[in-house]
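Asks: Mind having a look at this structure? Questions to follow.
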Amino acid sequence: MKDKELVEKALAGSQDAFAALVEKYRIKMFNLAFSLTRNREVADDLAQDIFIKAWLALPKFKFQSQFSTWLYRIAVNASKDLLRKESKLRKVSLEDSPPLTLMQEDTTNEFDAVQEDEKRRKLVHRALESMPEKYRAILILRDIQGMPYGEIGSILDISPGTVDSRLHRARKMLRKRVLQLSARLGGDYAVS
Amino acid sequence: MRCHKAEKIILRTWDHPLSDSERQALSQHLQRCAACRTMRNEYHNLQQTLRSEEFPAPQPYFWERLQPKLQQRPRFSIGAMWKRWSLRAIPAALGVILVVLLAAALAFSPQPEELSQSGILLRNQNPFEESPLLSEEDLENPNMVLIFSALDERNSLRRYFP
């Protein structure tokens, strides 16, 4: 059954139809939430929160965009709210990052390719966490989730030209921060 | 091609197909610029890392945990409402009060009553009240003295002597 039919049934009060929509999108929402939070439990709570907000806002859905785009918009806004609340409690920056244990143990050749990969992943995510919300969101949507430009523009409510320029700045910023972090921690990220 | 332009094209390769001329120009630049080759490798590594992101499985019984929450209607809480709107409500209320006070001040301020000549006469008021009279001090003003003395002189000249 298509999204539109499911949404219409859900609007008529069918929880089964909404359950089908949840089943279809729960992994995507969870992955988006995990990309932003890097914590399984928090991501799960956030994914639940996204669907509760969608359920409550469903009467306002006017079928002017695809349901998936609308749901992603709710997800991005809910994630931003959560990150804002978190940032009030804990300001993430390159300066106060806890040391990466895997990076510090890199004095011997005991680590194989998988560990190297994991090490790089941690470094990149540490740098990603320190970035401003708007750059972080666009990198997650484009480079992690692999969304097309048009959909990203609809979700973030920006033009394709702005998607292009923001993505360009975000990638440059990420590289710069990864190199800074790598230099500070004594690692060598540059060439694998 | 400059390094700045090369970086722009490298970043575009993941989103748009490059034209033949762009690909050739980039290739030539990379052959002679070691810094840009390093930069391209770094961007490539970043892309690989981001695109090969591994996600854990969500917690089980997602819908079973979600369903009871959907049935709960959002509870109305005065505290939460106040928290949400207080920051906007206070300046808005102050603005409204200010506008009301200004309107009241304009509406009730005493306006000078303008009467016609007949109205003034009916009310038995002096019609020349507003026209300024020469005071004693003005008469003592040297200029005034000169003016009046000149008038006197003219009058004397015009006087008729039979």
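The values are calculated or read from the model by the stated rules, or taken from the named source; none is laboratory data. Predicted model, so just to flag it, every value in this text is computed and none were measured. Using ideal geometry, Cβ is built from the backbone for each residue, glycine included, and neighbour counts are taken over all protein chains shown.
Asks: Can we say B:Pro58 is more than 30 Å from A:Asn39 (Cα to Cα) and either under 48 Å from the mean Cα position of the chain (by Cα) or without any contact (Cβ under 8 Å) to a residue 24 or more places away in the chain (or both)?
Replies: Values: more than 30 Å from A:Asn39 (Cα to Cα): no; either under 48 Å from the mean Cα position of the chain (by Cα) or without any contact (Cβ under 8 Å) to a residue 24 or more places away in the chain (or both): yes.
In short, no.
Asks: Follow-up. Which ones in segment A:40-61 are hydrophobic (A, V, I, L, M, F, W, C), within 12 Å of B:Leu70 (Cβ to Cβ) and touching a helix residue (DSSP H, G or I) at 6+ places or on another chain (Cβ under 7 Å)?
Replies: Let us first name the residues in segment A:40-61 that are hydrophobic (A, V, I, L, M, F, W, C), namely A:42-43, A:46-47, A:50-52, A:54-58, A:61.
Filter once more, keeping what is within 12 Å of B:Leu70 (Cβ to Cβ): A:51-52, A:54-56, A:58.
Passing the criteria: A:Phe51, A:Ile52, A:Ala54, A:Trp55, A:Leu58.
Asks: Output the residue which, of all residues in segment B:23-51 that are within 14 Å of chain A (Cβ to nearest Cβ) and of a type in the set (Gly, Ala, Ser), is nearest to the chain's Cα centre (by Cα).
Replies: B:Ala35
Asks: Further question: Quick test of your reading of the structure: A:Thr101 fulfils all but one of (1) under 16 Å from the mean Cα position of the chain (by Cα); (2) among the polar types (S, T, N, Q); (3) at pLDDT below 90. Name the failing condition by number.
Replies: A:Thr101 satisfies all of (1) under 16 Å from the mean Cα position of the chain (by Cα); (2) among the polar types (S, T, N, Q); (3) at pLDDT below 90 except (1).
Asks: Shifting gears a bit: Considering only segment A:11-42, state which residues are among the aromatic types (Phe, Trp, Tyr) and either touching a residue at least 12 places away in the same chain (Cβ under 8 Å) or not in a helix (DSSP H, G or I) (or both). It would help to see each step written out before you state the result.
Replies: Restricting attention to segment A:11-42, the residues satisfying the condition of being among the aromatic types (Phe, Trp, Tyr) are A:18, A:25, A:30, A:34.
Within segment A:11-42, A:Phe18, A:Tyr25, A:Phe30 meet the criteria.
Asks: Another question, then. Across segment A:148-167, which residue is surrounded by the fewest Cβ atoms within 10 Å (Cβ to Cβ) among those that are touching a residue at least 12 places away in the same chain (Cβ under 8 Å) and of a type in the set (A, V, I, L, M, F, W, C)?
Replies: To start, the set of residues in segment A:148-167 that are touching a residue at least 12 places away in the same chain (Cβ under 8 Å) comprises A:149, A:151-152, A:154-157, A:163-164, A:166-167.
So of that shortlist, the ones also of a type in the set (A, V, I, L, M, F, W, C) come out as A:152, A:155-156, A:163, A:167.
Details: A:Ile152: 23, A:Ile155: 24, A:Leu156: 18, A:Val163: 24, A:Leu167: 22.
Step by step, filter segment A:148-167, then rank; the result is A:Leu156.
Asks: Also, quick follow-up: Among the residues of segment B:6-31, count how many are free of Cβ contacts under 8 Å to residues at least 24 places away in the same chain and part of a helix (DSSP H, G or I). Quick ask: steps written out before the conclusion?
Replies: Going residue by residue through segment B:6-31, those that are free of Cβ contacts under 8 Å to residues at least 24 places away in the same chain are B:8-9, B:12-13, B:15-24, B:27, B:31.
Among the residues that remain, those that are also part of a helix (DSSP H, G or I) are: B:8-9, B:12, B:20-24, B:27, B:31.
Total satisfying the criteria: 10.
Asks: Would segment A:43-55 turn up any residue that is under 28 Å from A:Leu21 (Cβ atoms), of a type in the set (S, T, N, Q) and at pLDDT 90 or above? Step through it out loud before you land on a result.
Replies: Filtering segment A:43-55 for residues under 28 Å from A:Leu21 (Cβ atoms) gives A:43-55.
With the extra rule that they be of a type in the set (S, T, N, Q), the set shrinks to A:48.
Of the ones still in play, those that are also at pLDDT 90 or above are A:48.
Within segment A:43-55, one or more residues are under 28 Å from A:Leu21 (Cβ atoms), of a type in the set (S, T, N, Q) and at pLDDT 90 or above.
Asks: Does A:Asp44 fit the bill of being within 30 Å of B:Thr49 (Cα to Cα) and either at the interface with another protein chain (Cβ under 7 Å from one of its Cβ atoms) or of a type in the set (Asp, Glu) (or both)? Please lay out each step first, then the result.
Replies: Working: within 30 Å of B:Thr49 (Cα to Cα): yes; either at the interface with another protein chain (Cβ under 7 Å from one of its Cβ atoms) or of a type in the set (Asp, Glu) (or both): yes.
So A:Asp44 fits the description; yes.
Rundown of residues vs (1) among the hydroxyl-bearing types (Ser, Thr, Tyr); (2) facing chain B (nearest Cβ under 10 Å); (3) outside any helix (DSSP H, G or I), yes/no style:
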residue: A:Lys9; (1), (2), (3): no, no, no
residue: A:Gln48; (1), (2), (3): no, yes, no
residue: A:Gln64; (1), (2), (3): no, no, yes
residue: A:Val76; (1), (2), (3): no, no, no
residue: A:Leu82; (1), (2), (3): no, no, no
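Asks: Cβ contacts < 8 Å: first residue touching a residue at least 60 places away in the same chain (Cβ under 8 Å), restricted to segment A:129-143; second residue surrounded by fewer than 17 Cβ atoms within 10 Å (Cβ to Cβ), any location; separation 6+ or different chain. Result?
Replies: That search, which allows pairs on different chains as well, returns A:Glu129/A:Arg38; A:Glu129/A:Val92; A:Ala137/A:Lys80.
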